[in-house]
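Visitor: Here it is, the structure, as structure tokens.
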Amino acid sequence: MPILNQESFKDSASGDALPKLPLPTLSETLDRYLRCMKHLLTEQQFNKTQKIVKQFGAPGGVGELLQSKLAERRGKKTNWVYDYWLNDMYLNNRLALPVNSSPAMVFPQQNFKAPIDSLRFSAHLISGILEYKTFLDARALPLDYARGQLSGTPLCMEQYYCLFTSYRLPGPDRDTLVAQESSVMPEPEHIIVACKNQFFVLDVVINFRRLNERDLLTQLEKIAKMAGSEDEPVPPIGLLTSDGRTEWAEARSVLMRESTNRDSLDMIERCLCLVCLDEASGTEQSDTTRAAMMLHGGGPSMNGGNRWYDKPMQFIVGADGCCGVVCEHSPFEGIVLVQCTEYLLKYMIASPSKLVRAASVSELPAPRRLRWKCSPEIQKLLSSSADKLHRVVNNLDMNVHKFSDYGKEFIKKQKMSPDAYIQVALQLAYYRCHGRPVSTYESASTRRFQQGRVDNIRSATPEALAFVRAMTDRKLIPSDMEKMELLRCAINAQTKYTVLTITGMAIDNHLLGLREVAREMKIEKPEIFKDKAYLISNHFILSTSQVPTTVEMFCCYGPVVPNGYGACYNPQSDYIIFSVSSFHDSLQTCSAQFVKCLVQGLQDMMDLCKRCNCGPNPSEQRNNPAVEMQIQTETKDKTSQRTPDSTKSKQNAPEVLVKSPETTFVGPRIQEKR
Ligand code: COA
């Protein structure tokens, strides 16, 4: 199978018309980096960082050399950052995929009255997938255009063509994203159905004919029967894919010693997608429990083994109506996933099930059960993977909240960007909980450019800090009008950074490029990338993302650092769904507290807007002395920002306390970004 890299995109019809990702100048990025970090560091640390950055960017210095290499790279490559970014964001990451990396979409709760209902739902869903695939095969998806900020520009479509054709192969040090294209033989068209931890090959094209919904149901019924009739206990091999990537790579090489296993792996790795027929979880159903179930399958004792995490698309159909899709994230972003799943859900609503009308071919060959030869070594590895997944399940602190007081229409009426407003609210929530700002990641699409993926909007702006301090610090006692000005400034700064990022001028990908070019040139790692500030800047305690939908469903994912939060939001006209995650074993975080602070902040912001109930005055937004003063006060006050909560003065204490006093965590770089 070919590796999915730059070369895989050469024949892109839509991509060729788009511009190449620009390369910001060195000085722009270094200045922005300092501005982003100043209020997140102690004065002492900032002074040190400033010197290091100055040295790096000095005329004739190492920064200029690396920048010139990046410019050369930009000339040669379709997208100068794509490979660096893919490796850094996903393939180098050794953490287990469930919770840590793979996001999920949670479908509306289904009402299955009998076991056959979930099979009918699956047959209908698979019909939709096959229909959607005809557009992909013909490369005939309509072009996406940007909405919101800088709307109307065409977007790169390449991610769509990876939905059903890629696979993340585990490696000992780095995974590989492979594409299942073969110029020699047409690829078999099959789906893998997981049922009771067993895997079945469901051919969807037999004798050159695509199976209709009735055929699919017949085959699914056979699978359900076969899964229940196995006398021998079946090893839950799928559990291995939920382990750390290095551990799974090692286990896979053990499995590969047996030809039976090689055949089974080959069938799974070349399938279109998985459909996982899950057992009922037996737990009370809520958005929160369903989100957790999508992210980890409930662990080895539930549906944790009924998965194959390397495959980008795994549709989950629970007997209890808990349904959704969990995705291996490296080939595409959540927005593309949403477009695909919305197509499927709309297809299922708009095209009624054809089970009654369609006739099934009577003699369809039974789906094949995949077999495994399981040595004692594999048994041992399986039990180790099961233990780890069990810990992941117990550790996930999930909280899905539908905020119904208002949605994006209210925010638009204030003449503010809803996304920027929500980001400021997230900053306020974190500050209320923890009394300090932290490095924040907001993914922003760079699909305006060839092979564009995402870069980072650093939402913890100095302007956001000025606002959240005004809202929480009882020493400051600002008037409503002052607070409102600070809010507008925070939103303007956030919107400005958004535009910077979606036009390819943000700092994170650029800094990554400079670091990776140095590594490739085998020169000593520049001081700027060894500096503590760089570690802090990449330790994303808040990992946030807007994933809006037009049908009833929501996205969720886990935190990217041990002491962090994952915060995904879905803004609708008159409500916003927040999926907040963190880890129970962090003494610093608590998802319920975070949600509580978020709700309080959103209400406070609405009240403030209503009290000030005035349209924006553009002249007041620029050069506002109150804001200038506020920011200056903050930057002089670094020491108190870094003080652990417990030692803060009572007046300065966060309004809601979390599990324990907070300290800055600068641990090893585990998984730093989403
Ligand atoms: N006054 C009134 N309305 C405004 C406004 C203002 N000042 N600013 C924006 N709006 C409107 C927009 O016109 C837009 O209207 P629409 O709903 O009719 O399209 C709406 O508010 C939303 O705009 P905004 O909130 O500014 O956000 P956006 O849609 O531009 O989104 C990002 C910003 C960063 C989320 C987006 O550019 C992006 O990159 N999305 C992808 C994120 C991603 O990758 N997620 C998945 C990760 S796995």
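Visitor: Give the relative contact order (percent, whole number) for region 497-607; include only Cα pairs under 8 Å separated by 6+ residues. Walk me through the numbers before you get to the answer.
Guide: Details: 126 pairs, mean separation 16.3, N = 111.
Reported as a whole number, the value is 15 percent.
Visitor: Okay, next question. For the chain, what percent of Cα pairs sit more than 40 Å apart? Provide the component values of the computation, followed by the final result.
Guide: On the way: 69835 of 226801 pairs.
The answer is 31 percent, as a whole percent.
Visitor: Go ahead and collect, in residue order, the members of region 426-441 whose backbone nitrogen is under 17 Å from a label point 7 Å along the Cα-Cβ direction of K532.
Guide: 437-439
Visitor: Same structure, new question: How large is the translational diffusion coefficient of region 380-526 in µm² per second when you combine the Kirkwood radius over alpha carbon pairs with Stokes-Einstein at 10 °C and 1.306 mPa s?
Guide: 86
Visitor: Helix 591-612 against the longest principal axis of the chain: what's the angle in degrees, Cα atoms only, rounded to the nearest 10?
Guide: For helix 591-612, the angle is close to 50 degrees.
Visitor: Taking 8 Å as the Cα distance limit and 6 or more residues as the minimum spacing, I'd like the relative contact order of the chain as a percentage.
Guide: Once divided by the residue count of the chain, the mean separation gives 20 percent.
Visitor: Run lengths n ≥ 4 of DSSP H only: what is the helix-derived mean residue ellipticity at 222 nm for the chain, with -39500 (n - 2.57) per run over all residues, to the nearest 500?
Guide: -13000 deg cm²/dmol
Visitor: Regarding region 139-267, what is the average projected area of its C-alpha convex hull, in nm²?
Guide: 12.4
Visitor: Filter the trypsin sites (Lys or Arg not before Pro) in region 447-511 down to the DSSP loop ones having no more than 12 other Cβ atoms within 10 Å, then list what survives.
Guide: Details: sites: R447, R448, R453, R458, R469, R474, K475, K483, R488, K496; in loops: R447, R448, R453, R458, R474, K475.
Hits after loop and neighbour filter: R474, K475.
Visitor: Compute the relative contact order of region 309-442 as a whole-number percentage, counting only Cα pairs closer than 8 Å that sit 6 or more residues apart in sequence.
Guide: Relative contact order, region 309-442: 8 percent.
Visitor: Rounded to the nearest percent, how much of the accessible area of region 415-494 (1.4 Å probe, protein heavy atoms only) is carbon and sulfur?
Guide: Answer for region 415-494 is 55 percent, counting heavy atoms of protein chains only.
Visitor: With a ≥ b ≥ c taken as the square roots of the eigenvalues of the C-alpha gyration tensor of region 293-342, please select rounded if a/c is under 1.5 and otherwise prolate if a/b is larger than b/c or oblate if it is not?
Guide: oblate
Visitor: Roughly what angle does helix 334-350 make with the longest principal axis of the chain, taking Cα atoms, 0 to 90 degrees, to the nearest 10?
Guide: It works out to around 50 degrees.
Visitor: Next question. How charged is the neighbourhood of E72? Take every other residue with its Cβ under 14 Å from the Cβ of E72, and add Lys/Arg as +1 and Asp/Glu as -1.
Guide: Taking every other residue near E72 into account, the sum is +3.
Visitor: Given the Cα-Cα distance of Q109 and E230 and 0.36 nm per residue of separation, how much length would full extension add, in nm?
Guide: 40.5 nm
Visitor: Tell me whether region 479-527 comes out rounded, prolate or oblate; compute the Cα gyration tensor, take square roots of the eigenvalues as a ≥ b ≥ c, and use a/c under 1.5 as the rounded threshold. List each step's numbers first, then the result.
Guide: On the way: a/c = 9.82, a/b = 2.99, b/c = 3.28.
Oblate shape, in that a/c is at least 1.5 and b/c is the bigger or equal ratio.
Visitor: Angle check, please: helix 43-57 long axis (alpha carbons) against the longest principal axis of the chain (alpha carbons), in degrees 0 to 90, nearest 10.
Guide: Tilt of helix 43-57: around 70 degrees.
Visitor: Once fully extended, how much extra length lies between T134 and E221, figured as 0.36 nm per residue of separation less the alpha-carbon to alpha-carbon distance?
Guide: 28.8 nm
Visitor: A further question follows. Which pairs in the list K483/K610; K133/K222; K51/K525 are over 20 Å apart, alpha-carbon to alpha-carbon?
Guide: K133/K222
The values are calculated or read from the model by the stated rules, or taken from the named source; none is laboratory data. Just so you know, these numbers come straight off a predicted model, no measurement behind them. Methodologically, a virtual Cβ is constructed for each residue, glycine included, from the backbone with ideal geometry; neighbour enumeration extends over all protein chains shown. Areas reflect the complete protein model, heavy atoms only, side chains present, ligands, DNA and RNA absent. Shrake-Rupley method; radii C 1.70, N 1.55, O 1.52, S 1.80 Å.
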